[in-house]
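This report concerns only the one structure given below.
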Amino acid sequence: MKQLIPIMKYFYILFFTFSLVAQQTRKVDFIQCDALVQLDFSEKTIKGKVTYTFEVLSAIDTIRMDAVRIDFKNVIINNKEVAYKNSGKELLLFEGFTKGKNTVSFTYEAKPKQTLYFTGDFDSAQSDNFTAQIWTQGQGKNTSHWLPSFDDVNEKVIFNLTVEFDKDFEVLSNGILTSIGEYPPLSSDNKVWYYKMHKPMSSYLVMLAIGNFEKQTTRTKSGTTLEFYLDKKDVSKFETTFRYSKQMFEFLEKEIGVKYPWEVYRQVPVRDFLYAGMENTTSTIFSQDFVVDSIGFNDKNYLNVNAHELAHQWFGDLITAKESKHHWLQEGFATYYALLAERNVFGDDYFYNQLYQSALELKQANSYDSIPILNEKASSLTFYKKGAWALHVLRTNVGEKNFKKAVQNYLKKYAFKNVTTDDFLAEIQKVSRYDVVSFKKNWLENPTFNLEEAIGYLVQNESVNQLVEFGKTNKHLSNEALFDKFKTMIQSKVYYTVKQEIVYETQNLTEAQQLDILKLALATNDTKVRQAVAEVLSRIPLSFKNDFETLLNDPSYITKEIALFRLWTNFEADRDRLVAMSKDWMGLNYNLKLAHLTLAIVGSNDHAVAREKAIQELETYTQLPYEASVREPALETLIKLGKISDVVLEQLIDASLHHKWQFVKFAKDNIRVLISNEEIREKFILLRNRSNEIQKERIDYFLKETA
């Protein structure tokens, strides 16, 4: 019984807090936000003047607005200054409002620890290399760290942002850019960008992106303007980065059956973004990692993320899940419609193979992931991929026509509102006699994934059927029969995933048979199939060397990297030639440059000067202005090679203070291992003596932790 009291107390606090939020949305409706914000890059601060229009629907004692670590002044309701309370998490209003329409205005200032990020070097903004950027990432409810707003997604507001910043930058926000003006006084180096929305949205979708951007535009058949932004140094990559964007937009409008619900759609990449992309209303932010050239497109393109974030403009932005347990209504839908859009580009084989691969992932996750879709604690894999699978099952069983009609009705009925799973299933029931109760139980409330049932929805596709049957039949064949089967199939027109599987399976053949099949695989000229050859052949026979070397010329930075390492390992006499050959290679996120430097460092002792120069050059890639996606592999390489200089230690400390949590984890994990070595521990102590206060505090933290 002793445990019951604190548990009940915790439950009461949680329930009471939730009740307050739910109660406010029933009694108060915030309608519009007009905000002028000013950003200071050097101080990493934001200040602003905000006016909210709201309607009191019924009597309420306290009106709450989420505001984390924000300072307020001049709080005025209906033209009269009022008393207020700032809890550090909320702005609480007690007086001055009446039933009906009201306005509240205030000025504020904040130095956010998250959600609003200042990256790069402001002083180099006019250079051709790296520029300062400012951008937001609300992630569900965190806009209240930089703009007093509402963490409750059920409070939807029309947000109109006016932004003042340096005139040499481009400033992006939600909605239509109505005008750009000089900021008074005229001697100021700033401009003002005026953005306007006409429909409401949840606060987490409010965005800012500021940088040295170049813009291209196009117009869809239905009249929507599409805006594409890139850093000015990347203007040659517009086509390859945004390839198929217009086609996918027009496809999704037709497939969903509801016109794009906003007035403009823009997309902008930023450096060191926390995730792949974020579907801010009208204005998607995505990772700079997806800005690619024609070769990089084959390795890592933006298509899936592009379609996913676009689908969210309907599923998530237009209609929003009432609570976290219904999160699949956003992520499952966006994942599935992104696959449908990619199907329109790449065809049925691609679509069904993607579903098959996700089915294998979900089956494997059964052993450790036991939380169903309809649970706020479900994993991303469950919300995204199992959610997409649930929709595929539903669409297949009720029929494409009925499914489209239900989705269309669902979106129109709940436009600019919040929804639950039952709201969606009710629309399915209206167009079909399908048993949604059993569907909900089997697919949304069942923690396991039934692979056999899932495959039943895929085997009508020949390539998936071949993959499913592959393992079943191969184990019963003799070595010669297996070789003949592979030889026939690798030269046929089967989908590339089947040919990849053949390449991987050649490890069960004799060496001579394997090499025969691999030569045929290279002859397919399929980039992915040829990459599989590079992956599977760790020991390269001399007789196959010339064939294997052709991989160095493939239109894939990943294939080139694998082939370079394989050849360097297998043929010692060619090492100097390979290092020299790769000297000017850059690759995707500098993967080929890092590979070249790695080989130069581990080369023969006859090149001590060149090796030291390579170490120093690799150290430069551990530092700003390079992104975490470059700095992390550079640091990892130097640590693995035992080249742990003061630069490496300093950059690990810097990385542990980074805003990108993945990079922070990498740094912390490595520091904890390294600092246990007495010699390196002494280096950290010496480094502390010449560090700034923030770095000293961080080093002290690790020293105490491992004392």
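Considering only residues that are touching a Gly at 6+ places or on another chain (Cβ under 7 Å) and either buried (at least 17 other Cβ atoms within 10 Å of the Cβ) or not aliphatic (A, V, I, L, M) (or both), which ones fall in region 27-59?
Initial filter on region 27-59 (touching a Gly at 6+ places or on another chain (Cβ under 7 Å)): 35-38, 55-56.
The answer is Ala35, Leu36, Val37, Gln38, Glu55.
Confirm whether Val56 is in contact with a Leu (Cβ under 9 Å, 6 or more places away or on another chain) and at pLDDT 95 or above. Break it down into steps so the answer makes sense when it comes.
Numbers: in contact with a Leu (Cβ under 9 Å, 6 or more places away or on another chain): no; at pLDDT 95 or above: yes.
In short, no.
Regarding Thr217, is this residue free of Cβ contacts under 8 Å to residues at least 12 places away in the same chain and either touching a Leu at 6+ places or on another chain (Cβ under 7 Å) or surrounded by 18 or more Cβ atoms within 10 Å (Cβ to Cβ) (or both)? Before you say what the answer is, go through the steps one by one.
Working: free of Cβ contacts under 8 Å to residues at least 12 places away in the same chain: yes; either touching a Leu at 6+ places or on another chain (Cβ under 7 Å) or surrounded by 18 or more Cβ atoms within 10 Å (Cβ to Cβ) (or both): yes.
Spelling it out, Thr217 is indeed free of Cβ contacts under 8 Å to residues at least 12 places away in the same chain and either touching a Leu at 6+ places or on another chain (Cβ under 7 Å) or surrounded by 18 or more Cβ atoms within 10 Å (Cβ to Cβ) (or both).
Going through Val494, Val464 one at a time, which residue ends up being in contact (Cβ under 8 Å) with a residue 40 or more places away in the chain, closer than 19 Å to Gln354 by Cα and of a type in the set (A, V, I, L, M, F, W, C)? Break it down into steps so the answer makes sense when it comes.
Working: Val494 fails: in contact (Cβ under 8 Å) with a residue 40 or more places away in the chain.
Going through Val494, Val464 in turn, just one is in contact (Cβ under 8 Å) with a residue 40 or more places away in the chain, closer than 19 Å to Gln354 by Cα and of a type in the set (A, V, I, L, M, F, W, C): Val464.
Just one of Phe351, Phe290, Phe346 is of a type in the set (A, V, I, L, M, F, W, C), under 28 Å from Ala532 (Cβ atoms) and either free of Cβ contacts under 8 Å to residues at least 12 places away in the same chain or assigned by TED's automatic domain parsing to the domain that holds Thr527 (or both); which is it? Quick ask: steps written out before the conclusion?
Numbers: Phe351 fails: either free of Cβ contacts under 8 Å to residues at least 12 places away in the same chain or assigned by TED's automatic domain parsing to the domain that holds Thr527 (or both); Phe290 fails: either free of Cβ contacts under 8 Å to residues at least 12 places away in the same chain or assigned by TED's automatic domain parsing to the domain that holds Thr527 (or both).
Of Phe351, Phe290, Phe346, the one residue that is of a type in the set (A, V, I, L, M, F, W, C), under 28 Å from Ala532 (Cβ atoms) and either free of Cβ contacts under 8 Å to residues at least 12 places away in the same chain or assigned by TED's automatic domain parsing to the domain that holds Thr527 (or both) is Phe346.
Which condition breaks for Ile694 when tested against (1) surrounded by 14 or more Cβ atoms within 10 Å (Cβ to Cβ); (2) within 25 Å of Gln137 (Cβ to Cβ)?
(1)
Could you pull out the residue among Asn86, Asn78 that is within 11 Å of Pro148 (Cβ to Cβ), surrounded by 12 or more Cβ atoms within 10 Å (Cβ to Cβ) and polar (S, T, N, Q)? First the steps, then the outcome.
Numbers: Asn78 fails: within 11 Å of Pro148 (Cβ to Cβ).
Result: Asn86 is the single residue among Asn86, Asn78 that is within 11 Å of Pro148 (Cβ to Cβ), surrounded by 12 or more Cβ atoms within 10 Å (Cβ to Cβ) and polar (S, T, N, Q).
Between Asn409, Asn450, which is within 31 Å of the chain's Cα centre (by Cα) and under 26 Å from Thr281 (Cβ atoms)?
Working: Asn450 fails: under 26 Å from Thr281 (Cβ atoms).
On inspection, the qualifying residue turns out to be Asn409.
In region 355-384, which residues are free of Cβ contacts under 8 Å to residues at least 60 places away in the same chain and buried (at least 20 other Cβ atoms within 10 Å of the Cβ)?
Correct list: Ser358, Ala378, Thr382, Phe383, Tyr384.
Looking at the structure I just gave you, is Glu263 of a type in the set (D, E, K, R) and buried (at least 17 other Cβ atoms within 10 Å of the Cβ)? Talk me through it step by step, then tell me what you get.
Numbers: of a type in the set (D, E, K, R): yes; buried (at least 17 other Cβ atoms within 10 Å of the Cβ): no.
No.
Tell me, which helices (runs of 4 or more DSSP H) wholly within region 581-647 include 3 or more residues that are outside the structural domain of Ile675 (by TED's automatic domain parsing)? Give the derivation first.
Details: elements: 591-601, 608-620, 628-640.
Result: 591-601, 608-620.
Among the residues of region 417-434, is any within 16 Å of Leu340 (Cβ to Cβ), more than 27 Å from the chain's Cα centre (by Cα), among the small types (Gly, Ala, Ser) and in a helix (DSSP H, G or I)? Break it down stepwise before answering.
Kept after step one, since they are within 16 Å of Leu340 (Cβ to Cβ), are these residues of region 417-434: none.
Checked region 417-434: no residue is within 16 Å of Leu340 (Cβ to Cβ), more than 27 Å from the chain's Cα centre (by Cα), among the small types (Gly, Ala, Ser) and in a helix (DSSP H, G or I).
Restricting attention to region 2-13, does a residue exist that is of a type in the set (D, E, K, R), at pLDDT below 95 and either within 20 Å of Lys141 (Cα to Cα) or not in a loop (DSSP other than H, G, I, E, B) (or both)?
Within region 2-13, the subset of a type in the set (D, E, K, R) is 2, 9.
The next check asks that each one be at pLDDT below 95; those that pass are 2, 9.
From what's left, either within 20 Å of Lys141 (Cα to Cα) or not in a loop (DSSP other than H, G, I, E, B) (or both): 9.
Looking for residues that are of a type in the set (D, E, K, R), at pLDDT below 95 and either within 20 Å of Lys141 (Cα to Cα) or not in a loop (DSSP other than H, G, I, E, B) (or both), one finds at least one in region 2-13, hence yes.
Look at region 266-282 and say how many of its residues are surrounded by 21 or more Cβ atoms within 10 Å (Cβ to Cβ) and part of a loop (DSSP other than H, G, I, E, B). Working first, answer last.
Taking region 266-282 first, the residues surrounded by 21 or more Cβ atoms within 10 Å (Cβ to Cβ) are 266-273, 277-282.
If we keep only those that are part of a loop (DSSP other than H, G, I, E, B) too, we end up with 271-273, 279-282.
Matching residues across region 266-282 total 7.
Taking Ala532 as the residue in question, decide whether it is in contact with a Phe, Trp or Tyr (Cβ under 8 Å, 6 or more places away or on another chain), in a helix (DSSP H, G or I) and free of Cβ contacts under 8 Å to residues at least 60 places away in the same chain. Step through it out loud before you land on a result.
On the way: in contact with a Phe, Trp or Tyr (Cβ under 8 Å, 6 or more places away or on another chain): yes; in a helix (DSSP H, G or I): yes; free of Cβ contacts under 8 Å to residues at least 60 places away in the same chain: yes.
For Ala532, the condition - in contact with a Phe, Trp or Tyr (Cβ under 8 Å, 6 or more places away or on another chain), in a helix (DSSP H, G or I) and free of Cβ contacts under 8 Å to residues at least 60 places away in the same chain - is met.
Of the residues Tyr204, Tyr117, Tyr195, which is part of a strand (DSSP E or B), under 23 Å from Gln313 (Cα atoms), modelled with pLDDT of 95 or more and not β-branched (Val, Ile, Thr)? Walk me through it before giving the result.
Working: Tyr204 fails: part of a strand (DSSP E or B); Tyr117 fails: under 23 Å from Gln313 (Cα atoms).
Of Tyr204, Tyr117, Tyr195, the one residue that is part of a strand (DSSP E or B), under 23 Å from Gln313 (Cα atoms), modelled with pLDDT of 95 or more and not β-branched (Val, Ile, Thr) is Tyr195.
If you take the residues in region 412-443 that are surrounded by fewer than 17 Cβ atoms within 10 Å (Cβ to Cβ) and among the β-branched types (Val, Ile, Thr), which one is farthest from Leu394 (Cα to Cα)?
Thr420
Take region 288-312 and flag every residue that is small (Gly, Ala, Ser) and either surrounded by fewer than 21 Cβ atoms within 10 Å (Cβ to Cβ) or touching a Ser or Thr at 6+ places or on another chain (Cβ under 6 Å) (or both). I'd like the intermediate steps shown before the answer.
The first filter runs over region 288-312 and keeps only residues small (Gly, Ala, Ser), leaving 294, 296, 307, 311.
Of everything in region 288-312, just one residue is small (Gly, Ala, Ser) and either surrounded by fewer than 21 Cβ atoms within 10 Å (Cβ to Cβ) or touching a Ser or Thr at 6+ places or on another chain (Cβ under 6 Å) (or both), namely Ser294.
Residues being among the charged types (D, E, K, R), at pLDDT 95 or above and not in a strand (DSSP E or B): count how many of those fall in region 136-168. Reasoning before the result, please.
In the first step, residues of region 136-168 are kept if they are among the charged types (D, E, K, R); the result is 141, 151-152, 155-156, 164, 166-168.
Adding the requirement that they be at pLDDT 95 or above leaves 151-152, 155-156, 164.
Next, only the ones that are not in a strand (DSSP E or B) stay: 151-152, 155.
The number of residues fulfilling the criteria is 3.
Report the residue count in region 239-273 for those that are over 19 Å from Leu339 (Cβ atoms) and without any contact (Cβ under 8 Å) to a residue 24 or more places away in the chain.
Qualifying residue count, region 239-273: 1.
All but one of (1) farther than 18 Å from Leu638 by Cβ; (2) out of contact with any strand residue (DSSP E or B) (no Cβ under 8 Å at 6 or more places or on another chain) hold for Leu649; state the number of the condition that does not hold.
The number of the failed condition is (1).
The values are calculated or read from the model by the stated rules, or taken from the named source; none is laboratory data. These numbers were taken from a predicted model, which means no experiment stands behind them. Because the Cβ atoms are built from the backbone with ideal geometry, glycine has one as well, and the counts that use them run over all protein chains shown.
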